[in-house]
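Here is the structure we will look at, set down as structure tokens.
What follows draws every value from the coordinates through simple rules; no lab data is involved. None of the values given here were measured: they were computed from a predicted structure. A quick note on method: Cβ atoms are made from the backbone with ideal geometry, for glycine too, and the neighbour counts reach across all protein chains shown.
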Amino acid sequence: MARWDTLTCVCLLAVAVVATAGVAGTTAGADGGMVDAAADSEWHTPQNRDAVQGQAGLPNGTAEQPGDVVRIPVSLTGNETTATVVVENESLDYRLVVRVADENRDGVVVLRWNTYHAGFVGADAVANRTVAVDQPDRVLEARRTTPQRDERLGEGQYAVSVRHDERVVAEDVVTLAADPLRQSSITVLEGPPLADASAAFDRSGISGTVEQDEWLFVLVERQSIHGYVDGVEDLTGNGTEGVSFRITRSSDGSAVDLSNATFLHFPGYDEFIVGIPPNATVFDADTDYVARFVVNRSNPYSGGGAVSSSTGFRVLAAGAQPDRPVLEVVDVQAPETVIEGRDATFAVSVVNSGEREGSAAVVVAMEGTNVTREVTVGPRSQRTVSVPFDTGPLTEGTTEWSVGIAGGARTVSGEIEVRLTNETRNDDPTLVPGPRRTDDGGQPGFSALAALVGLGVGIAGRVLALRRK
């Protein structure tokens with residue numbers, strides 16, 4: 001990488017754009033105070049271009065949705081602990097200047113640029129609503145040098161540069177491009193009464209009925225919203241324009257209070273989750289409800305369209321349904337042959353048709369020898385595990401195997417051939433090539449005619465057996 005002759009180090013810029021994810025975190029604002037901001041999911045670093053004399057090495061540009069939170073990891077080298085980042089689009093009359101400090105001197109400051117608030121909020125709110133950084137680093141200064149906009153920041157290309165003494169030492173282009181609205185999918189799930197919402201959701205199962213003492217989760221997929229929604233308040237008319245999520249009673253349409261609901265956002269999967277904790281007083285037992293998500297035409301990124309999706313569910317009294325795992329083996333993939341003394345590996349698929357996560361022992365049995373493998377399967381889901389079986393104790397020949405859950409009623413069975421070597425056995429040496437038979441094969445010294453007669457008898461016997469069946 002080329003260096004400026006007046007600099008002792010160069011700030012390297014890597015830009016990655018991700019949507020804002022689930023659990024809210026805390027970042028440092030320009031005044032050193034704490035600012036709530038959503039934790040980001042994952043970010044990818046574009047590949048570097050070839051550096052040329054007089055320029056800094058640059059990552060490739062990237063694109064994301066308008067309204068998302070843009071992550072700008074700024075790398076500093078040498079003894080540098082501060083950097084100035086400029087984001088601008090001349091045609092849209094937008095320019096943002098941010099100065100950041102690497103407080104922990106790890107060489108990286110991750111700047112977050114909120115494109116939903118960018119340009120739209122007043123000058124006094126730029127520091128706390130448009131930009132933030134990961135702790136313990138700090139935003140030293142943040143100012144917008146262009147007038148306040150009357151509308152949200154739109155689609156377009158935004159130049160992002162790192163500057164030192166007014167010289168550009170690294171730059172990139174971020175493209176904001178909106179996807180069209182897509183019809184959303186809504187699913188209701190029931191989760192165990194755990195303290196942590198994420199852990200409960202990981203163990204939840206799809207259900208049209210939810211008990212009052214369980215977690216109720218509403219999963220909205222393909223929701224066409226992005227980083228600008230980072231809490232339930234943004235879905236209930238108090239934050240984001242033209243986006244709403246409501247749960248209402250089916251009988252009279254009265255709304256359920258969601259102020260204490262948990263919000264999980266996974267923009268990488270284009271979905272969010274609203275969770276109602278166990279024993280909440282917002283639901284009545286034996287009552288039907290409807291969950292509905294709407295993106296209106298007033299949303300700044302709807303493109304003039306609108307989408308609406310809904311699903312119904314019923315709330316039951318606590319303890320109304322037995323909750324237990326139900327595990328059984330549904331499929332086994334096993335080898336047809338194995339060399340004696342080597343492992344025969346069984347791929348066993350286990351389904352849990354119950355409403356709770358469960359564990360059980362998978363048992364593979366052959367010739368009085370059992371091999372077990374513990375397996376844990378989530379509610380209403382399937383998992384495949386590998387069970388190696390040491391064939392050392394087995395005798396040569398064809399052996400029957402069976403696989404099942406310990407204490408279960410259902411088993412899957414089959415046969416495996418145990419061989420002394422890996423050479424293919426020729427059951428009929430007088431016929432080459434010829435069909436393989438499972439009954440007595442040709443013996444040494446048989447003539448070709450005798451072998452053919454034996455083959456004809458075998459075929460006739462099979463046809464007769466088929467007819468009798």
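For the reader, a short list of remarks on this structure follows.
- Virtual spin-label span in nm between residue 376 and residue 222, 7 Å along Cα→Cβ: 3.3
- Using the Cβ-Cβ distance between residue 145 and residue 77 with R0 = 22 Å, the FRET efficiency computed as 1/(1 + (r/R0)^6) comes to roughly 0.20.
- Computed lengthening from residue 419 to residue 395, 0.36 nm per intervening residue step minus Cα-Cα distance: 7.8 nm
- Measuring r between the beta carbons of residue 233 and residue 183 and using R0 = 25 Å, the FRET efficiency lands at 0.50.
- Cβ-Cβ FRET estimate between residue 285 and residue 91, R0 fixed at 60 Å, reported to 0.05: 0.55
- DSSP-defined beta bridges in segment 185-316 - what % are antiparallel, rounded to 5: 95
- Backbone phi angles across segment 76-89, fed through the Karplus curve with coefficients 6.51, -1.76 and 1.60 (θ = phi - 60°), yield HN-Hα couplings of 10, 10, x, 9, 5, 10, 10, 8, 10, 10, 10, 10, 7, 9 Hz in residue order; Gly and Pro are listed as x.
- Ascending count of other beta-carbon atoms within 10 Å, so fewest first, for 113, 401: 401, 113
- Net charge of Cβ neighbours under 9 Å - reference residue 186; Lys, Arg +1; Asp, Glu -1: 0
- Cα centroid separation, segment 79-121 to segment 245-268 (Å): 35
- For segment 185-316, relative contact order (Cα pairs under 8 Å, six or more residues apart, normalised by length) works out to 29 percent.
- Neighbour-count ranking [beta-carbon atoms within 10 angstrom, fewest first] of 349, 184, 402, 204: 402, 349, 184, 204
- Taking amide H positions as modeled 1.01 Å from N, with prolines and chain starts lacking one, the residues under 5 Å from residue 354 and 5 or more places away or on another chain are 326, 380.
- A cut-off under 10 angstrom between Cβ atoms defines the neighbours of residue 81, and their net charge, with Lys, Arg +1 and Asp, Glu -1, is -3.
- Cβ crowding within 10 Å ranks 293, 201 as 201, 293, fewest other Cβ atoms first.
- Net charge, residue 333 excluded, C-beta distance under 15 Å - Lys, Arg +1, Asp, Glu -1: -2
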